[in-house]
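The values are calculated or read from the model by the stated rules, or taken from the named source; none is laboratory data. The structure presented is a predicted model; accordingly, all values stated were derived computationally and were not measured. Cβ atoms come from the backbone with ideal geometry, glycine included; neighbour counts cover every protein chain shown. What goes into the accessible areas is simple: the full protein's heavy atoms, side chains included, and nothing from ligands, DNA or RNA. Shrake-Rupley method; radii C 1.70, N 1.55, O 1.52, S 1.80 Å.
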Amino acid sequence: MDASLNAELSALLDAHRDRPGALLPVLHAVQDALGHIPPAAVPIIARALNLSRAEVHGVIGFYRHFRSRAPGRHVVQVCRAEACQAVGALELEAHARRALGCGFHATCADGSVTLEPVYCLGNCACGPSVRVDDEIVGRVDARRFDELLAELRDAP
């Protein structure tokens with residue numbers, strides 16, 4: 001890990017290591033700052049929190065929210081909860097996979113979008129819903145998804 005990443009990781013650990021149950025806050029902070037949890041960060045986190053590497057890997061692997069690889073420039077999450085499924089989320093999911101050319105937990109070939117499932121966005125009355133980076137969008141059909149995708153690919 002290079003010096004700037006090591007310094008950033010040290011700052012994040014210093015901010016969270018004394019909290020009860022610090023591992024989850026540390027992992028969230030690292031992923032928020034870096035977009036993922038680099039494998040090289042695992043031994044540093046483990047040592048700082050007096051945990052084994054296996055314990056840290058176990059938490060990262062258990063929670064699908066955490067990524068070990070950098071995502072695309074944008075992250076699109078498709079809601080898979082029952083309320084969204086009842087109004088077309090399964091069709092939307094299939095369309096998203098075709099449009100991006102990748103499945104869940106993968107990044108499309110041009111690196112612009114990582115596709116992820118999510119199991120409720122709290123937007124049940126306006127399903128099917130997606131989250132594009134940090135914005136929730138409701139009533140998304142294939143046409144609206146394609147519009148959102150075009151906007152993402154045109155954005156930096």
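Please give the Cα centre distance for the stretch 103-156 versus the stretch 1-69, rounded to the nearest Å.
Their Cα centres are 27 Å away from one another.
Based on the Cβ-Cβ distance of Arg17 and Asp134, what FRET efficiency does E = 1/(1 + (r/R0)^6) give at R0 = 22 Å, to the nearest 0.05?
Plugging the Cβ-Cβ distance into 1/(1 + (r/R0)^6) gives 0.25.
Quick query: amide H of Gly72 versus all other amide H atoms, modeled in the peptide plane; which residues come in under 5 Å with a sequence gap of 5 or more or a different chain?
The answer is Thr114.
Sum -39500 (n - 2.57) across every DSSP H segment of at least 4 residues in the chain, then divide by the residue count to get the 222 nm mean residue ellipticity, nearest 500. Could you put the intermediate results ahead of the total?
Working: 7 runs with 74 residues, N = 156.
The helix-only estimate for the chain comes to -14000 deg cm²/dmol at 222 nm.
Given a 1.4 angstrom probe, what's the average accessible area per residue across the stretch 75-126, in square angstrom?
Per residue, the stretch 75-126 has 45 Å² of solvent-accessible surface.
To test your reading of the geometry: what angle, between 0 and 90 degrees and rounded to tens, separates the Cα axis of helix 142-154 from the longest principal axis of the chain?
The angle comes out near 50 degrees.
May I ask what percent, to the nearest 5, of DSSP beta bridges between residues of the stretch 74-154 are antiparallel?
55
Consider all pairwise Cα distances in the chain and report the whole-number % of them above 20 Å.
Numbers: 6541 of 12090 pairs.
Here the long-distance tail beyond 20 Å is 54 percent of all Cα pairs in the chain.
Near the amide H of Ala106, under 5 Å away, which other amide H atoms are found, from residues 5 or more places off or on another chain, if H is placed in the peptide plane?
Amide H neighbours of Ala106: Leu115.
Can you tell me the FRET efficiency between Cys126 and Phe66 if r is taken as the Cβ-Cβ distance and R0 is 35 Å, rounded to the nearest 0.05?
For Cys126 and Phe66, the calculated efficiency is 0.80.
Apply the Karplus parameterisation 6.51 cos²θ - 1.76 cosθ + 1.60, with θ equal to phi minus 60°, to every residue of the stretch 110-127 and state each ³J(HN,Hα) to the nearest whole Hz, in sequence, with x for glycine and proline.
My calculation for the stretch 110-127 gives 7, x, 7, 9, 9, 9, 9, x, 9, 10, 2, 9, x, 10, 4, 6, 10, x Hz in order.
Provide the percentage of antiparallel DSSP beta bridges, counting only those with both residues in the chain; round to the nearest 5.
Antiparallel bridges make up about 55 percent of those DSSP assigns within the chain.
With axes computed from alpha carbons, what is the tilt in degrees of helix 23-34 against the longest principal axis of the chain, rounded to the nearest 10 within 0 to 90?
That works out to roughly 70 degrees.
Relative contact order for the chain: what percent, with Cα pairs under 8 Å and sequence separation of 6 or more?
18 percent.
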